[in-house]
Every structure is written in C-alpha cells, then in structure tokens.
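This report refers to the structure that appears directly beneath it.
The values are calculated or read from the model by the stated rules, or taken from the named source; none is laboratory data. From a predicted model like this one, the values you see are computed outputs, not experimental measurements. For neighbour counting, all protein chains shown are included, and Cβ atoms are generated from backbone atoms with ideal geometry for every residue, glycine included. Protein only, heavy atoms only, side chains kept; ligands, DNA and RNA dropped before computing areas. Shrake-Rupley method; radii C 1.70, N 1.55, O 1.52, S 1.80 Å.
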Amino acid sequence: MLILSGGTGTPKLLEGLKKLLPENEITVVVNTAEDMWVSGNLVTPDIDTVLYLFSGKLDTDKWWGIKNDTFITYEFLRSLGHNEILKLGDQDRAVNIMRSDLLRTGYSLTEATQIISKALGIRSKILPMSDDPVSTLITTSTAKMHFQEFWVKEQGKPAVVEVSQEGIEKACISPAVLEALEKEENVLIGPSNPITSIGPILTLKGMKDILKKKKVVAVSPIIGKEAVSGPAGKLMAARGLEVSSAGVVDCYKDILDIIILDERDDYGISALKNAACKVLITDTLMKNVEKSISLARFVVDAFKYLD
C-alpha cells in the first residue's frame with residue numbers, strides 16, 4: 001500500500017497499518033512543503049515524524065519529536081539570544097545535522113532520507129514527495145509568512161487570507177515516488193490537512209494524472225464542520241472550500257474512489273449522500289493504538305470494494 005502523509009493525523013493511522021501489514025509492503029510519500037532551514041540545518045517535520053514512528057522513537061504524546069529527548073542545545077542557544085522558531089530536541093537535531101550534511105555533500109533529499117531510514121532500522125519506504133524545495137506560505141491580514149511561523153510562532157491565530165506553495169510549479173515528483181507509484185495500485189490519502197499536507201503532493205506536476213489510474217481511498221480529517229486537529233478548517237476556508245467532509249471530497253474529487261467518514265459526522269454523511277465517490281462510515285478518532293489498528297483494518301478492507 002502507498003500512503004500520502006502529512007505529520008500528525010496520518011501517522012496515527014500508520015501506527016495501526018504497520019501492525020497489520022508487513023512493513024516492507026508499506027510505502028509512505030510524505031509532504032515536504034513544511035520543511036524549513038533552522039540554524040543551518042534542514043528540518044523536515046513531516047518526514048521526521050514518520051521516520052520516528054517507524055523506528056519506534058516517536059513521542060506519541062506530542063506526535064512530533066523523539067520520546068525522552070533533551071533540549072540542551074535549544075535552551076543554550078536561547079540563553080545566547082538565538083531564538084529558533086522550532087523547538088528541536090538534541091537527538092532530533094542530530095538527525096537534522098546528518099540530513100543537512102548529506103545534502104551539502106550532494107545527496108538528494110530522497111537519498112538522504114533513505115540513508116537515515118536505514119540507519120534507524122526502518123524496513124518501510126519513507127519517501128519525500130519531491131527532491132525540489134517547496135515552501136507553504138500563509139498570507140494573513142498583516143504579513144506573509146512560512147507555515148511554521150504561522151503554526152508554531154503565531155500558534156495559528158492570525159486570520160488567513162491566502163495559502164500558497166512557493167516553488168511548487170518547478171518541483172517534480174521524485175524518481176523514487178514515480179517508481180513506487182508504478183508498482184502500487186492502492187493509494188491511501190491519510191487524514192492529514194488537505195491544504196498544506198496532502199495538497200502539495202497532489203499539486204506536483206503529473207501527480208493527479210497518475211492517481212486517476214489508481215484505486216484511491218481517503219480518510220476525512222473533518223467531523224461536522226471542524227477539523228479533528230490542526231488548522232485544516234481555517235486553511236480550507238481561505239481556499240474557498242466548505243469546512244466539511246464535502247469540502248475534503250472537493251479537494252480530491254478528480255482522483256477519489258472512496259471517502260471514509262467518521263460515524264459522528266452527521267453533516268458530512270448528509271452532504272455526501274449523492275457523492276460521485278463511495279462513502280464508507282466508521283469510527284475514525286484514533287485515541288489509542290487499538291483505535292488506530294481498528295481504523296487501519298477498515299481502510300485495508302475498503303480497497304476490496306474496488307476489486
């Protein structure tokens with residue numbers, strides 16, 4: 001199975017999938033539009049969350065960073081007057097340093113990710129969506145800023161006027177992702193932010209044309225008219241989309257075969273009763289590992305409707 005992933009909702013589902021499927025049969029294509037250079041090193045938050053999940057190192061209380069990490073370097077930098085936008089743990093920073101050193105040596109982001117993945121003992125394929133730099137920019141009523149500045153520094157509070165991806169027009173699907181897509185028929189779009197996590201992956205030139213030929217299942221990250229977590233609702237509204245599962249279907253309508261809604265999503269169930277894609281309903285709230293496994297099992301079974 002090939003999964004399109006951001007950094008929070010989808011990793012929770014991946015936690016269940018990796019307990020059901022052989023890890024070497026899982027390929028995760030990860031958003032890179034939220035990557036950011038911090039203190040001379042490239043931080044890839046979504047990729048790292050997936051890497052740490054599959055290596056058993058992820059802090060699943062926060063769903064970012066490494067569990068039991070320390071922040072000595074971060075705190076000492078602050079004492080020197082150097083304030084970083086992202087709070088990086090020491091082990092997390094070591095991964096960033098290794099990645100950045102590999103990039104400066106001439107490796108692509110895909111190659112660097114594969115080297116780190118192997119070093120962490122991961123058997124699944126974790127692939128950046130592109131080797132080309134892409135940055136999600138948020139325009140508010142007062143400024144234009146990187147997504148990380150909006151979400152971390154500003155805590156997602158400013159009103160959003162526009163969401164854009166700088167560099168997306170020139171970015172190419174990585175060769176490794178193209179190869180994986182040639183081999184895999186089943187594609188899962190995880191319950192990540194459809195605008196800033198999944199959107200950049202789908203916007204890469206040629207991606208939607210490829211996915212139109214695949215069996216595509218998506219899990220909605222919206223229940224009723226609110227996102228389960230994160231700024232998806234605010235960002236969907238800025239794009240002129242309804243904040244609902246119907247709005248999610250609008251995002252994926254050209255490629256989607258099945259949408260999975262939460263059983264509490266009365267509005268979405270009603271709004272999509274005549275949807276062009278098939279609608280399946282289950283409990284999508286992954287409050288613990290057992291819930292993640294249950295949803296993962298439902299997702300795997302959903303592809304059988306497309307056989």
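Scanning segment 152-188 for residues that are modelled with pLDDT of 95 or more, charged (D, E, K, R) and part of a loop (DSSP other than H, G, I, E, B) gives Glu169, Lys170, Glu184, Glu185.
Quick check, is Leu53 touching a helix residue (DSSP H, G or I) at 6+ places or on another chain (Cβ under 9 Å), among the hydrophobic types (A, V, I, L, M, F, W, C) and outside any loop (DSSP other than H, G, I, E, B)? For Leu53, the condition - touching a helix residue (DSSP H, G or I) at 6+ places or on another chain (Cβ under 9 Å), among the hydrophobic types (A, V, I, L, M, F, W, C) and outside any loop (DSSP other than H, G, I, E, B) - is met. If I ask for residues that are among the aliphatic types (A, V, I, L, M) and in a helix (DSSP H, G or I), which ones from segment 5-46 would you list? Leu13, Leu14, Leu17, Leu20 - these are the residues of segment 5-46 that are among the aliphatic types (A, V, I, L, M) and in a helix (DSSP H, G or I). Annotation: of all residues in segment 207-240 being assigned to a loop (DSSP other than H, G, I, E, B) and open to solvent by 30 Å² or more (accessible area, probe 1.4 Å), the one that is farthest from Trp151 (Cα to Cα) is Lys213.
Figure legend. Inter-residue proximity from segment 15-37: first residues more than 30 Å from Glu84 (Cβ to Cβ), second residues of a type in the set (Ser, Thr, Tyr), beta-carbon distance below 6 Å, spacing 6+ or different chains. Indicated pairs: Gly16/Ser292; Glu23/Ser124; Ile26/Ser124.
For Asp250, the conditions (1) in a helix (DSSP H, G or I); (2) in contact with a strand residue (DSSP E or B) (Cβ under 7 Å, 6 or more places away or on another chain); (3) within 25 Å of Ser164 (Cα to Cα) all hold with the exception of (2).
Taken over segment 263-296, the criterion of being without any contact (Cβ under 8 Å) to a residue 40 or more places away in the chain, over 26 Å from Asp307 (Cβ atoms) and among the hydroxyl-bearing types (Ser, Thr, Tyr) is satisfied by Ser270 alone. Any chance segment 120-141 includes a residue that's at pLDDT below 95, farther than 27 Å from Lys287 by Cβ and out of contact with any His (no Cβ under 9 Å at 6 or more places or on another chain)? Checked against the condition, which is being at pLDDT below 95, farther than 27 Å from Lys287 by Cβ and out of contact with any His (no Cβ under 9 Å at 6 or more places or on another chain), segment 120-141 yields at least one hit. Any residue at all in segment 45-55 that is at pLDDT below 95, of a type outside the set (Phe, Trp, Tyr) and either touching a Ser or Thr at 6+ places or on another chain (Cβ under 9 Å) or within 28 Å of Leu137 (Cβ to Cβ) (or both)? No, the conditions are met nowhere in segment 45-55. Please verify whether segment 82-94 includes one or more residues that are hydrophobic (A, V, I, L, M, F, W, C), out of contact with any strand residue (DSSP E or B) (no Cβ under 9 Å at 6 or more places or on another chain), surrounded by fewer than 21 Cβ atoms within 10 Å (Cβ to Cβ) and in a loop (DSSP other than H, G, I, E, B). No, segment 82-94 has no match at all.
Remark: pairs (first residue in segment 60-73, in a loop (DSSP other than H, G, I, E, B); second residue among the polar types (S, T, N, Q) and surrounded by 12 or more Cβ atoms within 10 Å (Cβ to Cβ); Cβ separation under 8 Å; 6+ apart in sequence or on different chains) = Trp63/Thr8; Trp63/Thr49; Trp64/Thr8; Trp64/Thr49; Lys67/Thr60; Asp69/Gln91; Thr70/Gln91. If you go through segment 241-288 and keep only what is open to solvent by 20 Å² or more (accessible area, probe 1.4 Å) and aromatic (Phe, Trp, Tyr), you end up with just Tyr267. Ala296 satisfies every condition listed in (1) in contact with a strand residue (DSSP E or B) (Cβ under 6 Å, 6 or more places away or on another chain); (2) part of a helix (DSSP H, G or I); (3) of a type in the set (A, V, I, L, M) except (1). On inspection, Pro191 passes the criterion of being buried (at least 19 other Cβ atoms within 10 Å of the Cβ) and either among the aliphatic types (A, V, I, L, M) or part of a loop (DSSP other than H, G, I, E, B) (or both). Pairs are defined by a Cβ separation below 6 Å, a sequence spacing of at least 6 or placement on different chains, a first member in segment 141-165 that is closer than 20 Å to Leu241 by Cβ, and a second member that is of a type in the set (Lys, Arg) and open to solvent by 30 Å² or more (accessible area, probe 1.4 Å); the pairs so defined are Val160/Lys234. So Tyr267 fits all but one of (1) at pLDDT 95 or above; (2) under 23 Å from the mean Cα position of the chain (by Cα); what number is the exception? Looking at each condition in turn, Tyr267 falls short on (2).
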